[in-house]
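The structure appears below as structure tokens.
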Amino acid sequence: MDKQTFVNQLETRVEQLDTKIDALMQEARKKSDELSTEARQQVDRLKEKRSAFNEELQGFKVKSGNALQEAKSGLEKTWEELRKTVDNTIAEINH
């Protein structure tokens, strides 16, 4: 897959992730005060991780050659970690 296709796929995934994070924030607001505060803190941490991922993605866009493949591997790993963190946070907040 070429670089632009890879970037487009990741950007689509990020948009979907943003939708999940927004839904989590709505769910967090429904919790009792103590649970809501904890849930909002979890969502805030997710947003920070998502922002860090976006910075990494922006850096990837300017890579080329050997650095491109290395950056792609790192980006895929970071994405997978972010996705798992979101899924785990969803499970925690919904219980």
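Answer yes if at least one residue in the range 60-72 is under 10 Å from the mean Cα position of the chain (by Cα) and either free of Cβ contacts under 8 Å to residues at least 12 places away in the same chain or part of a helix (DSSP H, G or I) (or both), and no otherwise. Checked against the condition, which is being under 10 Å from the mean Cα position of the chain (by Cα) and either free of Cβ contacts under 8 Å to residues at least 12 places away in the same chain or part of a helix (DSSP H, G or I) (or both), the range 60-72 yields no hits at all. Only one of the listed residues (Glu55, Glu70) is out of contact with any helix residue (DSSP H, G or I) (no Cβ under 8 Å at 6 or more places or on another chain), surrounded by 11 or more Cβ atoms within 10 Å (Cβ to Cβ) and not hydroxyl-bearing (Ser, Thr, Tyr). That residue is Glu70. Quick check on Met1: is it over 13 Å from Trp79 (Cβ atoms), at pLDDT below 90, more than 10 Å from the chain's Cα centre (by Cα) and not in a helix (DSSP H, G or I)? The answer is yes for Met1. Can you find a residue in the range 16-29 that is surrounded by 14 or more Cβ atoms within 10 Å (Cβ to Cβ), more than 30 Å from His95 (Cβ to Cβ) and basic (Lys, Arg)? Scanning the range 16-29, I find no residue that is surrounded by 14 or more Cβ atoms within 10 Å (Cβ to Cβ), more than 30 Å from His95 (Cβ to Cβ) and basic (Lys, Arg), so the answer is no.
The values are calculated or read from the model by the stated rules, or taken from the named source; none is laboratory data. From a predicted model like this one, the values you see are computed outputs, not experimental measurements. Note that we place each Cβ from the backbone using ideal geometry, even for glycine, and neighbour counts take in every protein chain shown.
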